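The values are calculated or read from the model by the stated rules, or taken from the named source; none is laboratory data. As the structure is a computational prediction, the values presented were derived from the model and not from experiment. Cβ placement follows ideal geometry from the backbone for every residue including glycine, while neighbour counts extend to all protein chains displayed. For the accessible areas, the whole protein counts, side chains as well, though only heavy atoms, and no ligand, DNA or RNA atoms are used. Shrake-Rupley method; radii C 1.70, N 1.55, O 1.52, S 1.80 Å.
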Amino acid sequence: MQQSEEELYKQLILEHNKKPRNFGTLKPCTHLAEGFNPLCGDHFWLYLNCTDDGVIEDVKFTGEGCAISKASSSMMTEFAKGKTLEQALAMGELFHKLVKGELREGEGQEGLGKLKVFAGIWQYPARVKCAVLAWHALRAAINNEKQASTES
Amino acid sequence: MQNIKLIREDFPALSRNINGKPLIYFDNAATTLKPKSVVAAMDDYYLNGAANIHRGVHRLSIEATDKYENVRKICQKFINARSEQEIIFTSGTTLGLNSLALSLAVQKLSHGDEVIVSAMEHHANIVPWQLLRERKGIVLKVLPMNDKGELETQHLEALISPRTKVLSCVMTSNSLGTINPVKHITAVAHAHGLEVIIDAAQAVAHGSIDVQDIDCDYLVFSGHKVYGPTGVGVIYGKEEKLKALPPALGGGDMIFSVTWEKTIFADGPVRFEAGTPPIAEVIGLGAALEYFMALGSENVERYESTLLKRAQAAVKRIGGLRIIGEAKEKVGILSFVIDGVHPHDIGTLLDGAGIAVRTGHHCTQPVMAFFGIPATTRASFSFYNTPEEVDFFVEKLTEIQKFFST
């Protein structure tokens with residue numbers, strides 16, 4: 001593989017693709033949303049169980065998609081577990097900026113943690129939507145919208 | 001094939017480097033690259049005239065009209081129509097199929113009438129009929145296929161009822177590569193009085209088309225899939241059919257006279273060409289078809305078939321690879337999936353090696369659903385591709401499979 005491709009498909013991404021965390025369903029759950037990328041066919045369902053005071057107690061996802069979308073879903077669920085809904089939404093905003101290459105030096109970089117592994121993806125514009133799909137679904141679930149699409 | 005090196009020089013895009021590697025263009029089923037002569041013909045029109053057609057007495061308009069009308073003759077030759085009066089210019093296969101659906105709906109489809117399409121249609125030959133199902137209450141029936149991606153034509157007869165009026169079928173599948181026996185299908189449909197439409201979008205670039213031999217009533221194709229420009233396509237219709245068919249669109253150029261009380265339509269194909277047509281694109285299409293016919297469709301067919309066989313034999317050695325579409329009769333289209341590797345990851349990694357392929361559902365979601373997969377990777381070959389490119393592609397694919405399996 002070329003160096004540039006290894007930049008995109010980092011070991012951590014490959015590893016999450018192969019062994020996604022929190023993979024499965026939560027029934028019953030307090031929040032559920034479908035994430036769909038109609039152009040690629042990436043298709044996931046996201047389940048949340050939240051406490052009354054807005055803490056994500058448990059989160060799972062299921063579905064099918066490319067390595068980028070699957071690893072991103074897996075790492076999103078890892079991050080979200082135990083966070084408040086506000087924290088999760090705020091991280092979604094930050095992650096969007098990161099994958100679009102719009103994050104400025106010092107702008108919340110430290111809070112991203114492992115998610116920084118997606119920093120190089122802005123160089124692959126066709127793949128940015130694969131990385132953000134899980135976060136679209138998270139926002140949809142929190143806002144009680146049933147479906148999130150990368151095309152709206 | 002003649003000298004590939006010389007042929008490749010006609011396509012400047014082929015000398016580009018992508019990600020530091022020479023471009024290998026295997027996305028020909030999405031659209032083909034354009035030879036210089038096509039662009040030159042369009043440039044000539046735009047730079048030396050650019051007049052509108054059919055409506056001026058001045059020299060530039062007459063020249064443009066001659067060039068435009070001459071392409072009807074080229075198209076006639078290309079698909080062996082009886083007369084150039086059977087050639088209608090449109091924007092592409094999609095508008096062609098939509099306008100035929102609308103015209104036939106007016107002419108002969110009532111609530112409860114049936115239209116048959118095949119299980120391997122492109123969305124362009126599904127959605128227009130579904131719109132008629134919503135608006136007019138027609139019934140859409142589907143001719144099934146087997147798991148090799150071949151139509152089960154033995155079931156066609158049983159599918160036809162007294163309410164069946166139209167059969168619209170793809171000649172060559174864009175996602176599977178299957179060449180359908182459209183001559184046989186047409187004969188069966190005609191025996192029951194059906195109107196037959198053939199979607200030849202994918203077929204035109206891979207071999208010869210003879211509408212008299214097929215005997216279909218209508219046939220549609222796009223210019224950009226046969227080395228021509230985007231924005232132009234052709235509807236072929238038997239002359240006697242076109243005479244009776246109401247136009248789907250109205251406007252300038254397609255009329256004989258207009259008063260507030262009544263419009264009398266023009267005769268011939270212009271009746272279906274409302275408004276200023278894509279003149280430059282039609283001229284470009286003419287140049288593309290002349291280029292293609294000079295190569296010889298049999299030569300193209302034979303050469304692309306050797307590339308396909310070489311690729312098919314080699315990819316079978318890749319672990320977990322499954323070819324989608326293993327029909328006996330195929331054009332140079334290789335669709336496949338690899339266990340544990342999503343097509344989009346394959347597409348991105350191949351792009352890194354300079355190789356352009358298509359990944360996704362190829363606008364044939366029912367085909368993907370039939371095979372139980374969300375998407376495939378598709379490599380589609382042209383006469384300007386080489387065996388060395390095929391070998392390099394297989395080598396890269398092998399690396400990608402290993403990359404994801406370790």
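Being buried (at least 23 other Cβ atoms within 10 Å of the Cβ), within 14 Å of another protein chain (Cβ to nearest Cβ), within 30 Å of A:E6 (Cα to Cα) and of a type in the set (A, V, I, L, M, F, W, C) is true for just one of B:A375, B:A379, B:A311, B:A356. Which residue is that?
B:A375
So which of A:Q109, A:Q123 is on the phi < 0 side of the Ramachandran plot, open to solvent by 10 Å² or more (accessible area, probe 1.4 Å) and within 14 Å of chain B (Cβ to nearest Cβ)?
Going through A:Q109, A:Q123 in turn, just one is on the phi < 0 side of the Ramachandran plot, open to solvent by 10 Å² or more (accessible area, probe 1.4 Å) and within 14 Å of chain B (Cβ to nearest Cβ): A:Q123.
What's the total number of residues in the stretch B:14-30 that are within 14 Å of chain A (Cβ to nearest Cβ) and either aliphatic (A, V, I, L, M) or open to solvent by less than 70 Å² (accessible area, probe 1.4 Å) (or both)?
Counting residues in the stretch B:14-30 that are within 14 Å of chain A (Cβ to nearest Cβ) and either aliphatic (A, V, I, L, M) or open to solvent by less than 70 Å² (accessible area, probe 1.4 Å) (or both) gives 5.
Residue by residue through the stretch B:201-225, note down the ones that are in a loop (DSSP other than H, G, I, E, B) and in contact with a helix residue (DSSP H, G or I) (Cβ under 8 Å, 6 or more places away or on another chain).
B:A201, B:Q202, B:G207, B:S208, B:I209, B:D210, B:D215, B:C216, B:D217, B:G223 - these are the residues of the stretch B:201-225 that are in a loop (DSSP other than H, G, I, E, B) and in contact with a helix residue (DSSP H, G or I) (Cβ under 8 Å, 6 or more places away or on another chain).
What's the total number of residues in the stretch B:248-266 that are without any contact (Cβ under 8 Å) to a residue 24 or more places away in the chain, open to solvent by 20 Å² or more (accessible area, probe 1.4 Å) and either closer than 27 Å to B:D215 by Cα or not hydroxyl-bearing (S, T, Y) (or both)?
Number satisfying all stated conditions: 8.
Within the stretch B:248-283, count every residue that is farther than 30 Å from B:S173 by Cβ and either modelled with pLDDT of 95 or more or not in a strand (DSSP E or B) (or both).
Qualifying residue count, the stretch B:248-283: 20.
I need the full set of residues from the stretch B:80-135 which are in a helix (DSSP H, G or I), farther than 26 Å from B:G251 by Cβ and touching a residue at least 40 places away in the same chain (Cβ under 8 Å), in order please.
Hit for the stretch B:80-135 is B:H123, nothing else.
Which one of the conditions (1) open to solvent by 20 Å² or more (accessible area, probe 1.4 Å); (2) within 25 Å of B:V170 (Cβ to Cβ) does B:I88 fail to meet, given that it meets all the rest?
(1)
Among the residues of the stretch B:226-247, which ones are open to solvent by less than 40 Å² (accessible area, probe 1.4 Å), of a type in the set (A, V, I, L, M) and not in a loop (DSSP other than H, G, I, E, B)?
The answer is B:V226, B:V234, B:I235, B:L242.
Would you say A:W135 is surrounded by 21 or more Cβ atoms within 10 Å (Cβ to Cβ) and of a type outside the set (D, E)?
So A:W135 passes the test.
Scanning for something within 14 Å of chain A (Cβ to nearest Cβ) and not in a strand (DSSP E or B), does the stretch B:38-58 turn up at least one residue?
no
How many residues, within the stretch B:139-191, are open to solvent by 50 Å² or more (accessible area, probe 1.4 Å), assigned to a loop (DSSP other than H, G, I, E, B) and in contact with a helix residue (DSSP H, G or I) (Cβ under 8 Å, 6 or more places away or on another chain)?
Qualifying residue count, the stretch B:139-191: 2.
Take A:G54 and tell me if it is in contact (Cβ under 8 Å) with a residue 24 or more places away in the chain, closer than 22 Å to A:K19 by Cα, more than 14 Å from every other protein chain (Cβ to nearest Cβ) and surrounded by fewer than 15 Cβ atoms within 10 Å (Cβ to Cβ).
So A:G54 fails the test.
Here's the yes/no breakdown for (1) under 25 Å from B:G360 (Cβ atoms); (2) under 21 Å from the mean Cα position of the chain (by Cα); (3) touching a residue at least 24 places away in the same chain (Cβ under 8 Å):
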site: B:N3; (1), (2), (3): no, no, no
site: B:R8; (1), (2), (3): no, no, yes
site: B:A13; (1), (2), (3): yes, no, no
site: B:R16; (1), (2), (3): yes, no, no
site: B:I24; (1), (2), (3): yes, no, yes
site: B:D27; (1), (2), (3): yes, yes, yes
site: B:L33; (1), (2), (3): yes, yes, yes
site: B:A40; (1), (2), (3): no, no, yes
site: B:D43; (1), (2), (3): no, no, no
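Is it the case, given these coordinates, that B:D351 is open to solvent by less than 20 Å² (accessible area, probe 1.4 Å), within 25 Å of A:L8 (Cβ to Cβ) and among the acidic types (D, E)?
no
For the stretch B:350-374, give me each residue that is part of a helix (DSSP H, G or I) and touching a strand residue (DSSP E or B) at 6+ places or on another chain (Cβ under 9 Å).
Once the filter is applied, which keeps residues that are part of a helix (DSSP H, G or I) and touching a strand residue (DSSP E or B) at 6+ places or on another chain (Cβ under 9 Å), the stretch B:350-374 yields B:L350, B:D351, B:G352, B:P366, B:V367, B:M368, B:F370, B:F371.
Which of the residues that make up the stretch B:274-311 are in contact with a strand residue (DSSP E or B) (Cβ under 6 Å, 6 or more places away or on another chain) and either basic (K, R) or under 21 Å from B:Y25 (Cβ atoms) (or both)?
B:A311
Pairs under 6 Å by beta carbon, first residue more than 10 Å from chain A (Cβ to nearest Cβ) and within 25 Å of B:H206 (Cα to Cα) in the stretch B:334-350, partner of a type in the set (K, R) and open to solvent by less than 10 Å² (accessible area, probe 1.4 Å), six or more apart or different chains?
B:S335/B:R378
Which condition number in (1) more than 24 Å from B:E298 (Cα to Cα); (2) assigned to a loop (DSSP other than H, G, I, E, B) is the one that B:V196 fails?
Every listed condition holds for B:V196 apart from (2).
Do you know which of the residues in the stretch A:1-41 that are within 9 Å of chain B (Cβ to nearest Cβ) and over 19 Å from A:P125 (Cα atoms) is most open to solvent (accessible area, probe 1.4 Å)?
Step by step, filter the stretch A:1-41, then rank; the result is A:K18.
Just to be sure before I move on: is A:E5 in a helix (DSSP H, G or I), at pLDDT below 90 and among the charged types (D, E, K, R) in the structure I sent?
When the stated conditions are applied, A:E5 passes them.
Condition first: at the interface with chain A (Cβ under 9 Å from one of its Cβ atoms), open to solvent by less than 10 Å² (accessible area, probe 1.4 Å) and touching a residue at least 40 places away in the same chain (Cβ under 8 Å). Now tell me which residues in the stretch B:359-372 satisfy that.
Of everything in the stretch B:359-372, just one residue is at the interface with chain A (Cβ under 9 Å from one of its Cβ atoms), open to solvent by less than 10 Å² (accessible area, probe 1.4 Å) and touching a residue at least 40 places away in the same chain (Cβ under 8 Å), namely B:M368.
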